[in-house]
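Structure first, then comments.
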Amino acid sequence: MFDSVLIANRGEIACRIMATARRMGMRTIAVYSDADSNSRHVRLADAAYRIGPAPAVESYLNIEAILEAAELSGANAIHPGYGFLSENSKFAESCLKKGFAFVGPSPEAIGVMGQKDEAKKLMAGAGVPTVPGCNDLDIDLKVLMSEARKVGYPVLIKAAAGGGGRGMRTVSREVDLADALQAAQREAESAFGNGRLLLEKLITNPRHIEVQVFADSHGNVVHMFERDCSVQRRHQKVIEEAPGPSIDNTLRLEIAEAAVKAAKAVDYLGAGTVEFVVDNSGQFYFLEMNTRIQVEHRVTEMLTREDLVEWQFRVAYGEPLPARQEEIGRSGHAIEVRLYAENPSRKFMPSPGCVKHLRLPSESSDVCVDSALVEGEEVSAYYDPMIAKIVVWGRNRENALRRLKESLGRVQVVGVHTNLSLLQEMVNHEVFKGGDYNTGFIEECWDDFSLSAQPASNLVVSVAALFVILERERKVKGLAINSPWNSSDAWRLNMNAREVLLFEENESEIEVELIATGEDYRIRFSSGEVLGRANLSGDKEINAVLDGVRVKGTVVCVGTDLFVWLYGAGYRLGLVTKMSPPNGFESSDIPASNLVSPMPGRVVRLGAKEGESVAKGSVLLVIEAMKMEHSIVAPAYGRVERFMARVGDWVEEATLLVDFSTDS
C-alpha cells in the first residue's frame, strides 16, 4: 500500500480522506490556499503546503502548484477528493506523468465522461437510455435557437465539462435564451475552466436516482445500489437517501445494470457514480457520470458498512475489488442532509462569515457528521458554503427519519445564516415522509415551509433573562462582593432586588421584571409570572428550574443579541440597551435609490451603462460568490447614475454598488 498520499482538496472531504489514509498507515499531506492556512484539514495533516492565494483558480485549480507540493512532500499518491480538479483529465494525466499514483479513473475515462456531450454519445452506443437533446451545441445564438425549437421548450442549458448545478440554466421561453446562454457560459468557465455547453429537453420534475459503481484493473465491475438525490435547490443536492423510497425492485435492478454497463463501456477504474433521471412513467435516462467519490458517498457506506475511500486506495494500488457483487449487501435505511451557510428566505443567498458558535450532533455507529469547520472559523466566500453533512442510519426509513429529526435538533449555529430550518421543515413534510417526491419538491411545497422561528414562550424568555442576570454576576465576581455597592443584582436597601429587562423579537418588545427572593426569582410578564432559579455551567450552558420544571438550555450572547436553544428549538432575542448602535451603516440607512451588495463577492459583469435608463427588473450588475452568480436588478424604472464597482472588483457585504435614481 502507498506510504503517503497528498489530498488535492480542502474542507470536510480532505479530512474524511485523511481519516481512512491514516488508518491504513499512510502519511497524509494537505495543500492549502491563503484563505485556508489555519483550516482543520491543514491542522490534521502530517504536512501541509501552500499552493496559492484564496481564489480557487490560483490555488486548488492550480495543477502546477499542487504537483510541486507533491514532489516536495515525497507523496506516492494523489487523491483529488470531489470538486476542483477531481474530474480534470489533464490533472490525472499530469499526476501519472510525474510518477504519482492517481486515486481515480484513467485520464481517458475522465475525459470522455467529463464531457457530457461525448458521454451521451458513448452511452447511447452502449444501449443506455439518454435524454433527447443536442450534444454538439454551438455557442452561436442562432444555432442554439434552432436546436431548442427542435427539442421543444422547456430546455436545459448545461455545462459540458462539469456538474453540481453550475453552468446550468432552465429556459422556458426563446426570449430568455441569450441571457441564459451568456450566464451559463460565464459560470461554466469560472467553475470548470471550460465554457462549452450542451442542450437537453427538460424532463420536468423527475426523480434523480444515482448508482454507486466500482471497478478494478482486473476486469471486475460492481454496483453498490442506488441513492435518491431528488431533493435539490438550484440543481444542487440537499438531501440524499437510500434505498430510493419510490424505486421498486424491478426498476432498481434495471438502473443498476445500466450503471454497470456504463462503467464497462468506458473501461472504468475506481469509484464512480452514474446518474439518471426517472420520469413519471418510470422511464429512466442517463444524465451523467461523476468520475470521483461523491459528497453523498457516506449514505452508501452506512448501508453497506464498507469504507469507499479504502476501496479507492486499494483499487488505485492495483488490488482487486475487496468484494464480489454477490458479497455486497445492504441493510436498513440511510439519509444525508447538507447543512449550508445560506439564507433560503433570500433565494438561498450564500452567507459567508465567522461562525461564532457551532454545535453538531455527536457521532455514533448510526450517526455520521462530516465537517471541517470549527467554532471561530470562517465560512469563506471563495468556496462552497457547506458547513456539514449529517448522515443517519435506521433499521427502516421511519426509524432513520426519527433519528435525523433528533440530530437536526442538536444543531446550533451562530454567525451565519443556515438552511437548518428548511431541512427541519422538509423532513417533517408529509410529501417527504411519504417518499413520493421529485426534484420539484422544494419549489412545489415552498409555501408550506415555515422558516421563521416560533415566537419565544415565557419559558424561553425566562431562561434568557436568568442568563443575563447570572452572566453579569459572574463577570463582577472579582469585585468585593461582600459590599452591596459592588453588586450587580439590583440590590436595594430593605427591599428585594428588582430589575426590568427589555427584549426584542421580530420587532415586538417583551418586558420582563425579575424580583430576587432568596435564591429564586419571580419573573413577571404582562401575561403572567414564572418562579425560577438557575445556574450556569460553562460559558453557554444554563440549568434552570422554572415553576418546578427542570430545563437545560444553551445561550450564546453576541453583542446585544441572545441566541437561545431549548428543547431542540432555537430563538433569537435582542436585549434592548441605551447604547448607540455600532459604527457602519444599517440597512435602514441605505437610500432606497441605491443598491448594495447582498454578500461578499466579485463583480463579473455590468448589465447597463452609466447614464442609461432601464426598466424594472433589468440586470444592472452580476456578482459571483461561492461559484454561483447573483444578479443585482433595478428595483424600478430609473437611471444608472454611476457604478461604484467595476468588473473584477471584490466587494464586501453591504458595499454600495450602483447609484440608481428612480423616475418620479
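The values are calculated or read from the model by the stated rules, or taken from the named source; none is laboratory data. Values in this document were obtained by computation on a predicted structure and should not be read as measured data. Using ideal geometry, Cβ is built from the backbone for each residue, glycine included, and neighbour counts are taken over all protein chains shown.
Structure above, values below:
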quantity	calculated
From the options S407, S452, S362, residue that is assigned to a loop (DSSP other than H, G, I, E, B), more than 29 Å from S597 (Cβ to Cβ) and not assigned by TED's automatic domain parsing to the domain that holds V651	S362
Number of the condition not met by I51 [criteria: (1) without any contact (Cβ under 8 Å) to a residue 60 or more places away in the chain; (2) closer than 25 Å to M1 by Cα; (3) not in a helix (DSSP H, G or I)]	(2)
Failed item, numbered, when T20 is tested on (1) buried (at least 24 other Cβ atoms within 10 Å of the Cβ); (2) at pLDDT 95 or above	(1)
Odd one out for K433, checked against (1) surrounded by fewer than 22 Cβ atoms within 10 Å (Cβ to Cβ); (2) under 16 Å from the mean Cα position of the chain (by Cα); (3) of a type outside the set (S, T, Y); (4) part of a helix (DSSP H, G or I)	(2)
Residue that is nearest to L61 (Cα to Cα) [pool: residues in segment 85-99 that are crowded, with 20+ Cβ neighbours inside 10 Å and not hydroxyl-bearing (S, T, Y)]	L85
Boolean, N428 is in contact with a strand residue (DSSP E or B) (Cβ under 7 Å, 6 or more places away or on another chain) and closer than 26 Å to P243 by Cα	no
Segment 121-145, residues that are more than 31 Å from the chain's Cα centre (by Cα), in a helix (DSSP H, G or I) and at pLDDT 90 or above	L122, A124, G125
Output for segment 162-197, where each listed residue is small (G, A, S) and in contact with a strand residue (DSSP E or B) (Cβ under 9 Å, 6 or more places away or on another chain)	G163, G164, G165, G167, S172, A180, A183, A184, A188, S190, A191, G195
Complete set of residues in segment 252-287 that are in contact with a helix residue (DSSP H, G or I) (Cβ under 7 Å, 6 or more places away or on another chain) and either of a type in the set (A, V, I, L, M, F, W, C) or surrounded by 22 or more Cβ atoms within 10 Å (Cβ to Cβ) (or both)	A262, A265, V266, Y268, L269, G270, A271, G272, V274, F276, F284, F286
Residue pairs meeting the criteria (Cβ under 6 Å; at least 6 apart or on separate chains; first assigned by TED's automatic domain parsing to the domain that holds E624, in segment 638-649; second assigned to a loop (DSSP other than H, G, I, E, B))	G638/D663; V640/A608; V640/E610; V640/E612; R642/E610
Filtered residues of segment 280-313 (kept if charged (D, E, K, R) and within 26 Å of V367 (Cα to Cα))	R292, E296, R298, E301, R305, E306, D307, E310
